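So the structure is just underneath, and the comments pick up after that.
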Amino acid sequence: MAKDFVESPTATCDRQEEQVSAPEQGSPGRLSRRSFLSHLGAAGLATTASPLLASSGAAPVSEEIQETASKAAQGAIPITLKVNGTEHRLRLDPRTTLLDCLRENLNLPGTKKGCDHGQCGACTVHVNGRRVNSCLSFAVMHPGDEITTIEGIGEPGHLHPVQSAFVEHDAFQCGYCTSGQIMSAVAVLKEPVGPTDEDVKQAMYGNICRCGAYPNIIAAVQSARKRI
């Protein structure tokens, strides 16, 4: 009698195969997840890099993406930005942040995107000599302003004193926050900041180093302050 209740492994596999259902199909008239993501990606491409679509070296894109990009570009407005002493004439979606414009449209990747909420300082640039979190500022807000990024501070063979001090004092580990730290430190040199390490800490509090290189960063800033 017990044998009647013993099921062979082959029979078990056959039943499991029968129970496997076909992939769920999207309901008629509804946007599938894949289609939604493709449209979302196209919209993002149009927002941050629409000038690149027209470049001769751009990879061919589908008609659907071109149509989506064209619709997004209809709301773009002309703007001239002066970055590191050079004027750039662009057409941008009004929602484009200064950070995305610098990185995606002007090919200046030294300014980093960290938290994207204005809390880490990795995206710090100078606007008319003052520190600005570029992730919280729209590019269209700055026509005629003097914008300076890390690329405009110094270059190999001719480093800014702050950059040299960061190298000497090993004020970085992974280096991701370094450009923002340097931009803030350069601004600190011109601000009425007290002479102590604690004063420097307070002046640099908006820049986070997740590696914890704060003692070396403070030492570098203090060293640069003595040179200038």
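The values are calculated or read from the model by the stated rules, or taken from the named source; none is laboratory data. Computed from a prediction, not measured in an experiment: that's the story for all the values here. So basically every Cβ, Gly included, is an ideal-geometry build from the backbone, and we count neighbours across all protein chains shown.
Screening Q119 with (1) among the polar types (S, T, N, Q); (2) closer than 22 Å to C174 by Cα; (3) crowded, with 21+ Cβ neighbours inside 10 Å gives one miss only, at (3).
Selection within the range 151-169: residues that are in a loop (DSSP other than H, G, I, E, B) and more than 26 Å from the chain's Cα centre (by Cα). The member of this set that is surrounded by the most Cβ atoms within 10 Å (Cβ to Cβ) is H169. Quick one: would you say R225 is touching a Leu at 6+ places or on another chain (Cβ under 7 Å) and either surrounded by 11 or more Cβ atoms within 10 Å (Cβ to Cβ) or in a helix (DSSP H, G or I) (or both)? When the stated conditions are applied, R225 passes them.
Does the range 158-165 contain at least one residue that is touching a Ser or Thr at 6+ places or on another chain (Cβ under 6 Å), in the same structural domain as G180 (by TED's automatic domain parsing) and not hydroxyl-bearing (S, T, Y)? Yes, because at least one residue in the range 158-165 is touching a Ser or Thr at 6+ places or on another chain (Cβ under 6 Å), in the same structural domain as G180 (by TED's automatic domain parsing) and not hydroxyl-bearing (S, T, Y). Looking at C120, C135, C177, just one residue is free of Cβ contacts under 8 Å to residues at least 60 places away in the same chain and either of a type outside the set (S, T, Y) or over 20 Å from C209 (Cα atoms) (or both), and that residue is C135. Which members of the range 94-111 meet the condition of being touching a residue at least 40 places away in the same chain (Cβ under 8 Å), part of a loop (DSSP other than H, G, I, E, B) and surrounded by fewer than 21 Cβ atoms within 10 Å (Cβ to Cβ)? Residues satisfying the conditions are P94, R95, L108, G110. Between G110, G57, G44, G75, the distinction of being modelled with pLDDT of 95 or more and not assigned by TED's automatic domain parsing to the domain that holds C177 belongs to G110 only. Taking the criterion of being small (G, A, S) and out of contact with any helix residue (DSSP H, G or I) (no Cβ under 7 Å at 6 or more places or on another chain), the only residue of the range 88-120 that qualifies is G114. Residues that are part of a loop (DSSP other than H, G, I, E, B), in the same structural domain as N84 (by TED's automatic domain parsing), on the phi < 0 side of the Ramachandran plot and touching a helix residue (DSSP H, G or I) at 6+ places or on another chain (Cβ under 9 Å) are absent from the range 193-216. Among the numbered conditions (1) over 12 Å from A220 (Cβ atoms); (2) modelled with pLDDT under 95, the only one that A203 does not meet is (2).
Could you check the range 170-192 and list, in sequence order, the residues that are surrounded by 15 or more Cβ atoms within 10 Å (Cβ to Cβ) and assigned to a loop (DSSP other than H, G, I, E, B)? Across the range 170-192, the qualifying residues are A171, F172, Y176, C177, L189.
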